[in-house]
2 protein chains.
Amino acid sequence: MNTSVGIASAQRALFDTPLQFKSGAVLPRYELVYETYGTLNADKSNAILICHALSGHHHVAGHYADDPKNVGWWDNMVGPGKPIDTDRFFVIGLNNLGGCHGSTGPSSIDPLTGLPYGASFPVITVEDWVESQARLADRLGITQFAAVVGGSLGGMQALQWSLAYPDRVRHVLAIAAAPRLTAQNIAFNDVARNAILTDPDFHGGHYYRHNVVPTRGLRLARMLGHITYLSDDAMADKFGRELRGGKFNYGYEIEFEIESYLRYQGDKFASYFDANTYLLMTKALDYFDPAHDVGGDLNKAFARARADFLVISFTTDWRFSPQRSREIVRPLLHNRRNVSYAEITSTHGHDSFLMQHPHYFDVMRAYLDNVAGEFGK
Amino acid sequence: MNTSVGIASAQRALFDTPLQFKSGAVLPRYELVYETYGTLNADKSNAILICHALSGHHHVAGHYADDPKNVGWWDNMVGPGKPIDTDRFFVIGLNNLGGCHGSTGPSSIDPLTGLPYGASFPVITVEDWVESQARLADRLGITQFAAVVGGSLGGMQALQWSLAYPDRVRHVLAIAAAPRLTAQNIAFNDVARNAILTDPDFHGGHYYRHNVVPTRGLRLARMLGHITYLSDDAMADKFGRELRGGKFNYGYEIEFEIESYLRYQGDKFASYFDANTYLLMTKALDYFDPAHDVGGDLNKAFARARADFLVISFTTDWRFSPQRSREIVRPLLHNRRNVSYAEITSTHGHDSFLMQHPHYFDVMRAYLDNVAGEFGK
């Protein structure tokens, strides 16, 4: 049975109506790169928007004709017969504004200067992303999503959809998410940002014009990130105190397997990801707080929501623990929303949301079966 | 009631018998700087050795005549009438070899070259520290300590005393410690080390001769460290999502109070601590594993121990959680040692071991009362 969407191809949408960010900054025009899978039905009621997390992008499923090994980041979840079933749903993945995978971002050319935006690219928020995504929905003729789905930072975007456009989303699926960051979450982000900002190759964000990249800082940021994505237990199981060479070397080269893993992940990431995008993504995380303007009261914040919700957490996720998901569930119940909540037993920490876990996938499938039933699929 | 040891003064001990490190490296001569408080009794049975953690030193209690604000780092615990009662015990604090507070370390002059050791200072282990401490004990005529006491990395040294010199220590007090690091612990250390090692001002550890200091890297290392010293809850209580200026600035300057705190801590630390010492300390942490040579079996490792033990953990410590302390307790019980174990309810995370917490201090006091009773004090 073929369960892949097959060959994917990225599309581009140009928006030349200025977009005002929450910060007050205005982007005069921008492009979004996106992919779609499945077929939009006649009344355009079967669309699902996938929102990506910190390092994600528009290539959610399938592979490219000229690059068959480049498989979408959520290919296990999205495809024919998969939980997000492209035989039933029209699925959209996009690269967020400010990203580094094709949508307008810090490495794009600023039409005002003819140079890359760099540090001039405005600081963006989850709210701004949802605005830009709503325009893409308009362009595609989608007035209401069957569902908006996201994990981690993607989950925050899904939540924001229910607040900014209560009538444009029937279901919100927020996975391994949190309603807002804690001080500890912000602290980790700030260390990562400081690693980049203080890298001598950062040049105040204008490193493109110096033909350098703040590799050292970005690498540290990613290494640190990885620690928070994995559970203590998963790290212990996978790496423990294993030594690469079987003995201590009494030096600062790689000795423990965990060091090898982290440095490899850091090097790989720093070779392709844009440091300015990393900064923007972490700031968007820090800022998101639906209750910021209502005295910190999440009950008030979620009063606007009209969607139904599926909230999923993973037991060993310590970046956004199950407790944080319950902070989403409670105000929704307070506001008499329909909420399904699943706490999945998993050893893989925050990264669980990207993994093919039977119980997790069953929950997703069952919920989306019902969503599809609403339009008779 | 005066509960301070009053004026402290540092002393120096020169050792010119070569010390061979576990790595094979040999230090031909070295100095240790130390302080003592209280009076050594006639049969020299009332001595307590305090082992310090990553950033500690010999100045444990009291203040200096010419610097009254420079109060010892454990002054709340050590003094007349305090849990480590200097009316009863003769207390020794020292700066560990490889340190940056006076004992021979990377910033000391290598007699072979006339230049600072820098990166040439050999990588040191907990075992090496205990050797160097045993020589200091010899110098002071102490054949057996009433107790060796330490928190965190200091607790590892206290444990090692019971293994290297089972007959030279009657009681071991290991507080907020672990028998060995997990993969996650090592991972955090490796990120911190990489921040220092990749700082362009590090110069392969020979920054002294370049008249620079790898401030950026050391600052990041300390910021990261601080996250692991505090509990998520304590950070939430103390900082939450509080904004310094009351509103978002949409930039990379300090916005959240937690950022202000972390950056301040990082800056302060980087202004006085030596980066090479930081590297050495984290490596000593990584390497320590009493079971390394006995197939990973802590039961076997602790078979040599003869001391009695007090093990203390703190509920919100996630750097070395209570579970990690129980990993010390179990093999000791297996070997029929006398072990007292206290899990203290505290909101302050790993840093709890430095704080004046009533239950914690009561446990320390009660245990040490009994220790003092053994020599009739």
Applying the selection to the range A:194-215, what residues are at the interface with another protein chain (Cβ under 10 Å from one of its Cβ atoms), open to solvent by 20 Å² or more (accessible area, probe 1.4 Å) and free of Cβ contacts under 8 Å to residues at least 40 places away in the same chain?
A:THR198, A:PRO200, A:ASP201
Answer yes if at least one residue in the range A:25-46 is small (Gly, Ala, Ser), within 20 Å of A:GLN160 (Cβ to Cβ) and in a loop (DSSP other than H, G, I, E, B), and no otherwise.
yes
Give the residue that is farthest from A:PHE145 (Cα to Cα), with candidates limited to residues of the range A:80-114 that are of a type in the set (Val, Ile, Thr) and open to solvent by less than 30 Å² (accessible area, probe 1.4 Å).
A:THR104
Reported set for the range B:351-363 where residues are touching a strand residue (DSSP E or B) at 6+ places or on another chain (Cβ under 7 Å) and either crowded, with 20+ Cβ neighbours inside 10 Å or not in a helix (DSSP H, G or I) (or both) is B:SER352, B:PHE353, B:HIS357, B:TYR360, B:VAL363
Any idea which of B:LEU54, B:LEU49 is in contact with a helix residue (DSSP H, G or I) (Cβ under 8 Å, 6 or more places away or on another chain) and either modelled with pLDDT under 95 or part of a loop (DSSP other than H, G, I, E, B) (or both)?
B:LEU54
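Is it true that B:ARG222 is more than 9 Å from chain A (Cβ to nearest Cβ), among the charged types (D, E, K, R) and either open to solvent by less than 40 Å² (accessible area, probe 1.4 Å) or under 19 Å from A:ASN194 (Cα atoms) (or both)? Outline the logic, then answer.
Working: more than 9 Å from chain A (Cβ to nearest Cβ): yes; among the charged types (D, E, K, R): yes; either open to solvent by less than 40 Å² (accessible area, probe 1.4 Å) or under 19 Å from A:ASN194 (Cα atoms) (or both): yes.
Taking the combined requirement at face value, the residue satisfies it.
For the range A:220-313, give me every one of the helices (runs of 4 or more DSSP H) that falls completely inside it and has 2 or more residues that are modelled with pLDDT of 95 or more and within 26 Å of A:SER162 (Cα to Cα). Reasoning before the result, please.
Numbers: elements: A:232-238, A:257-270, A:275-287, A:298-301.
Passing ranges, in order: A:275-287, A:298-301.
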Considering the range A:252-278 alone, what residues qualify as being within 7 Å of chain B (Cβ to nearest Cβ) and open to solvent by less than 20 Å² (accessible area, probe 1.4 Å)?
A:PHE256, A:ILE258, A:GLU259, A:LEU262
If we scan the range B:152-166, do we find a residue that is more than 30 Å from B:ILE328 (Cα to Cα) and not charged (D, E, K, R)?
no
Matching entry among A:ALA174, A:ALA178, A:ALA158 (being within 21 Å of A:GLU327 (Cα to Cα), more than 9 Å from chain B (Cβ to nearest Cβ) and part of a loop (DSSP other than H, G, I, E, B)):
A:ALA178
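Only residues that are touching a residue at least 40 places away in the same chain (Cβ under 8 Å) and open to solvent by 10 Å² or more (accessible area, probe 1.4 Å): list them for the range A:125-151, please. Spell out how you get there, then give the answer.
Just the residues of the range A:125-151 that are touching a residue at least 40 places away in the same chain (Cβ under 8 Å), to begin with: A:125-129, A:131-133, A:135-137, A:139-151.
Result: A:GLU127, A:GLU131, A:ARG135, A:ARG139, A:LEU140, A:GLY141, A:THR143, A:GLN144.
Have a look at A:ILE84, A:ILE109 and point out the one that is among the aliphatic types (A, V, I, L, M) and without any contact (Cβ under 8 Å) to a residue 24 or more places away in the chain.
A:ILE109
The values are calculated or read from the model by the stated rules, or taken from the named source; none is laboratory data. For clarity, every value in this text was computed on a predicted model and none was experimentally measured. Backbone-built Cβ (ideal geometry, glycine too); neighbour counts: all protein chains shown. Heads up: the accessible areas ignore ligands, DNA and RNA and are worked out on the full protein's heavy atoms, side chains in. Shrake-Rupley method; radii C 1.70, N 1.55, O 1.52, S 1.80 Å.
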